[in-house]
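The values are calculated or read from the model by the stated rules, or taken from the named source; none is laboratory data. Here the structure is a predicted model, which is why all the values come from computation and not from measurement. Virtual Cβ from ideal backbone geometry, glycine too; neighbours counted across all protein chains shown. The area values use the complete protein model at the heavy-atom level, side chains included, leaving out ligands, DNA and RNA. Shrake-Rupley method; radii C 1.70, N 1.55, O 1.52, S 1.80 Å.
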Amino acid sequence: MTTPIYYPNDIPHIGHAYTTVLADVLARWYRLNGHDVFFLTGTDEHGLKLQRTAEKAGKTPKEFVDSMVPVFKKYWSLLEINYSRFIRTTDPDHEELVKKVFEELYSRGYIYKGKYSGWYCVSCEKFYSEGEYVEQGGQKLCPIHNKPLELVEEETYFLKLSALQEEVTRLIEEGGIVFPEGYAREILSRIKKEGLRDLSVARPKSRVYWGVELPFDRDYVAYVWIDALLNYLTGVGFMRDNNSFEKYWAEAHHIIGKDILWFHSAIWFSVLRMLGLSPPKRLIVHAYIVNRGLKMGKSVGNVVLIDDLVERYKSPDAVRYLLMRLLNLDKDVEFDQSLLDNIYNSELADTYGNLVRRAGVLAMRKLGGRVERAGPDPGLEQLSNSTVEKVGRLMQEVRVSEALSTVLDLLREANGYMNKTQPWSLEDPREPLYNVLEALRIATNLLYPVMPATAESLARAFGFQLRRVDRLAFGQVEAYSVSEAPILFEKVGKA
Ligand SMILES: [Zn+2]
């Protein structure tokens, strides 16, 4: 399971968190189901953009990225991102791999020298052709950054992508890799329209010194995008640890935002093909959380910080939950604080948190915390078991937001059952409490990938164990020993 590696030119915001939390949720989901998951994230540290950011900060590029990596790690630890490796493109094993791969592609005849002239956006680290850039007052502007493009003319090395056009088209047409399907169609129509053109994959050191030197020409460094994509191979041990590579690569799942789809499909699949490797198993693409209609970015000035959300909801788990409730692979979702407040209050505080608190307090007060198995309520039993099955199906299709809503339906039903059976007024409330606790346990188990700390602390407070989802069923706990009735989520007021 991979995230893109991020430019450490600034602190990560909720746009980064959106992708990273999704990858972590999927990694946890598969681990919870007994899979051995290698989860890779990291930073993309080379290139002109970082070179210039560092210069502005009065540091060398290496000093600059060294200062930013702990910041990323701090945020990922705050958000409980449980990665297996944090890869940096300045890691020695990665730089070595980039050289080996360039050597390999060069010797196989996929790289050749040529002349290049084009309009370049430093912030995107990419060239724009006619029709792609915006013309305004005689200037050519980046369509994303709205900044003037630089005319770059130089000798360079090209990667012969054109040779792979048919093969890559067929691969994407066969379906199943690019997910959801709509993104595959987008790529196919772009290939059809403009073809898969050879790509400049080297930069002269005279202009860009901050990169991996090409093994066959020391006056050039590797284009940062190819350098970055190769992290997926370094991370699982390509050309270094064959066992690991064979085991994980065949199952590779890349999680990306839609802005980097072209690089991760047309270009990446071609590079893999040139190296004789299979494409990733799945490329999972999501749309953005936008703010005032635009993708979040420093230059746009519409960034929402991770700190702001953690501070507001006082719980990293709640932030993960809210981000995943917004998750939409196909469509952009507008960031809306009052919508988030509503979801948080009604779903986490009033429904989940409230049920935990009520059931916990009653179990301790009425039964001294010990709640033994009692006759299952057929309605709750049936709904719990069908929820397990339905959530499994939804997660397989990365419909995380719907999976959360499905769990919430179960919790609402359990709240209703509690109101109906009124265990607080009964002499012996064992039966209704046991049923409520079972529904809560099933829901908590299913929420674990999204809210791991909450699930683990509740499992401890109520005395149950989290299980593999395929072994999760209503009525399987013999007795609860409730030792605590935590208040999981405090309501928030108006912003
Ligand atoms: Zn740009």
Checklist outcome for this item: Counted residues in segment 428-487 being of a type in the set (A, V, I, L, M), over 23 Å from LEU348 (Cβ atoms) and within 31 Å of the chain's Cα centre (by Cα) come to 1
Item to check | Checklist (1) of a type in the set (A, V, I, L, M, F, W, C); (2) open to solvent by less than 10 Å² (accessible area, probe 1.4 Å); (3) part of a helix (DSSP H, G or I) applied to VAL371, failing item | outcome: (3)
Checklist entry - Could we say that ASP198 is within 26 Å of TYR157 (Cβ to Cβ), without any contact (Cβ under 8 Å) to a residue 40 or more places away in the chain and of a type in the set (Asp, Glu) here? => result no
Checklist entry - Any chance segment 107-121 includes a residue that's at pLDDT below 95, open to solvent by 20 Å² or more (accessible area, probe 1.4 Å) and either within 16 Å of the ligand (Cβ to nearest atom) or of a type in the set (D, E, K, R) (or both)? => result yes
Item to check | Residue within segment 334-345 that is without any contact (Cβ under 8 Å) to a residue 12 or more places away in the chain and either assigned to a helix (DSSP H, G or I) or open to solvent by less than 50 Å² (accessible area, probe 1.4 Å) (or both) present | outcome: yes
Checklist outcome for this item: Only one of (1) of a type in the set (D, E, K, R); (2) in contact (Cβ under 8 Å) with a residue 12 or more places away in the chain; (3) surrounded by fewer than 19 Cβ atoms within 10 Å (Cβ to Cβ) does not apply to ASP317, and that is (3)
Checklist entry - Going by the conditions given, is GLY176 of a type in the set (Gly, Ala, Ser) and either in contact with a helix residue (DSSP H, G or I) (Cβ under 7 Å, 6 or more places away or on another chain) or open to solvent by less than 40 Å² (accessible area, probe 1.4 Å) (or both)? => result no
Item to check | Check on GLU413, acidic (Asp, Glu), part of a helix (DSSP H, G or I) and touching a helix residue (DSSP H, G or I) at 6+ places or on another chain (Cβ under 6 Å) | outcome: yes
Checklist outcome for this item: Residue hits (segment 467-483; of a type in the set (A, V, I, L, M, F, W, C), in contact with a Gly (Cβ under 8 Å, 6 or more places away or on another chain) and under 22 Å from GLU389 (Cα atoms)) are VAL469
Item to check | Conditions (1) at pLDDT 95 or above; (2) open to solvent by 50 Å² or more (accessible area, probe 1.4 Å): number failed by GLU135 | outcome: (1)
Next on the checklist: Between LEU233, LEU188, which is surrounded by 15 or more Cβ atoms within 10 Å (Cβ to Cβ) and in contact (Cβ under 8 Å) with a residue 24 or more places away in the chain?
Outcome noted: LEU233
Item to check | Residue count, segment 246-259 (criterion: surrounded by fewer than 18 Cβ atoms within 10 Å (Cβ to Cβ) and of a type in the set (A, V, I, L, M, F, W, C)) | outcome: 1
Next on the checklist: Out of the residues in segment 465-474 meeting the condition of being open to solvent by 20 Å² or more (accessible area, probe 1.4 Å) and in a loop (DSSP other than H, G, I, E, B), tell me which one is farthest from SER315 (Cα to Cα).
Outcome noted: ALA473
Checklist entry - Tally time: how many residues in segment 153-172 are surrounded by 15 or more Cβ atoms within 10 Å (Cβ to Cβ) and free of Cβ contacts under 8 Å to residues at least 40 places away in the same chain? => result 2
Checklist outcome for this item: Taking first residues from segment 475-494 that are open to solvent by 40 Å² or more (accessible area, probe 1.4 Å) and second residues anywhere that are part of a loop (DSSP other than H, G, I, E, B), the pairs with Cβ under 7 Å that are 6 or more apart or on different chains are GLU478/ARG373; SER481/GLY369; SER481/GLY463; SER483/GLY369; SER483/GLY463; GLU490/LYS314
Next on the checklist: I'm told ILE172 meets every condition in (1) more than 29 Å from the chain's Cα centre (by Cα); (2) away from the ligand (no atom under 16 Å from the Cβ); (3) aliphatic (A, V, I, L, M) except one. Can you identify the failing condition by its number?
Outcome noted: (1)
Next on the checklist: I need the full set of residues from segment 122-140 which are within 11 Å of the ligand (Cβ to nearest atom) and in contact with a helix residue (DSSP H, G or I) (Cβ under 9 Å, 6 or more places away or on another chain), in order please.
Outcome noted: VAL122, SER123, CYS124, GLU125, LYS126
Checklist outcome for this item: Counting only residues in segment 141-162 that are of a type in the set (Asp, Glu) and closer than 17 Å to ASP217 by Cβ, the one farthest from the ligand (Cβ to nearest atom) is identified as GLU155
Checklist entry - Hey, any hits in segment 432-440 for a residue that's surrounded by fewer than 17 Cβ atoms within 10 Å (Cβ to Cβ), touching a residue at least 40 places away in the same chain (Cβ under 8 Å) and acidic (Asp, Glu)? => result no
